[in-house]
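The values are calculated or read from the model by the stated rules, or taken from the named source; none is laboratory data. Keep in mind it's a predicted model, so treat the numbers as computed, not measured. All Cβ positions, glycine included, derive from the backbone under ideal geometry; neighbour counts span all protein chains shown.
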């Protein structure tokens with residue numbers, strides 16, 4: 001009798017309610033005392049819960065992160081998915097869903113976090129628009145917070161829009177699928193490379209979690225320093241403002257380092273913090289649909305950034321204290337665009353306005369949004 005068949009037969013003989021000793025014996029190296037305590041009742045777990053615990057801790061789940069549903073169905077991604085499944089891995093993409101995490105609508109941040117936590121390896125399928133996608137950004141950076149193993153697969157020969165963002169997060173184990181990858185051999189090569197990474201990875205070590213209700217009512221899961229302040233990696237559900245959730249790095253009770261923050265109104269910021277304020281690179285997704293990615297300083301947009309509006313308009317260029325400032329380009333949904341100098345959110349200085357049909361409307365000097373004739 002094979003090992004798998006023997007394991008199934010042994011499992012069938014187990015009682016419906018399983019105690020600690022039997023659970024330890026059956027799970028072996030996969031046993032986790034904290035997980036058992038969390039899911040047990042009166043020192044017992046059910047068979048169904050045991051299966052859940054067992055598979056949650058097996059290195060068999062792969063998260064393929066793509067920028068859109070259409071991209072997740074491309075020949076390249078489908079080949080890679082099929083080859084990984086042939087090797088025995090369960091593959092999950094946010095757009096298609098799986099038994100790991102169901103398909104979600106609206107790219108819910110909690111689902112994004114759950115998909116990363118369940119995966120043994122997070123595979124980022126890099127396309128030309130990879131750096132623009134808030135889901136890809138959130139998954140890649142939450143994987144960094146969570147400590148997940150991450151691999152980047154170049155799906156096309158075209159350079160991603162946000163090349164610097166991609167390069168900053170690439171690990172040494174970079175797997176490349178050449179373009180065009182319409183033959184299975186390249187996908188098989190990529191799948192085997194990823195499989196080796198998964199196979200060589202030991203069971204994910206998650207830091208011991210200590211849940212503490214702070215004096216101000218905040219619920220904090222993570223490490224505290226000797227003074228009882230939030231310090232290191234953790235997750236905080238704030239009492240004030242109610243509904244704000246932050247997961248990432250803390251230093252002496254303050255958000256400091258990399259993290260992801262969900263605000264009560266539905267806004268989401270993912271990026272770097274210094275003493276509670278945004279500083280460095282970050283992506284801010286507004287509840288109404290606007291998305292900004294770029295540089296922050298002192299909690300405000302400062303430096304180069306790009307903003308995609310829910311209306312279809314798009315701005316790229318300089319910012320100062322949250323306002324357009326310096327050289328920039330604003331493109332309206334109808335195809336018209338202004339390219340030139342800004343000052344305090346206004347077209348101010350030398351610039352050119354171009355009509356949707358490509359003809360020049362005005363080129364010359366502007367003063368606080370007005371053409372100087």
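Couple of notes before you dig in:
- Residue check, residue 259 free of Cβ contacts under 8 Å to residues at least 40 places away in the same chain, over 27 Å from residue 344 (Cβ atoms), touching a strand residue (DSSP E or B) at 6+ places or on another chain (Cβ under 9 Å) and in a strand (DSSP E or B): no
- Counting only strands (runs of 3 or more DSSP E) that sit completely within segment 272-340, those holding 1 or more residues that are touching a helix residue (DSSP H, G or I) at 6+ places or on another chain (Cβ under 9 Å) correspond to 277-285, 291-297, 300-308.
- Options 317, 328, 364: the member that is more than 33 Å from the chain's Cα centre (by Cα) and assigned by TED's automatic domain parsing to the domain that holds residue 279: 364
- Residue 116 being at pLDDT 70 or above, in contact with a helix residue (DSSP H, G or I) (Cβ under 8 Å, 6 or more places away or on another chain), buried (at least 19 other Cβ atoms within 10 Å of the Cβ) and farther than 28 Å from residue 40 by Cα: no
- Scan of segment 26-75 for residues that are within 18 Å of residue 149 (Cβ to Cβ) and at pLDDT 60 or above, ordered by number: 30, 60, 61, 62, 63, 64, 65
- Against the test of being at pLDDT 85 or above, over 30 Å from residue 218 (Cβ atoms) and surrounded by fewer than 16 Cβ atoms within 10 Å (Cβ to Cβ), the options 326, 318, 299 yield a single qualifying residue, 326.
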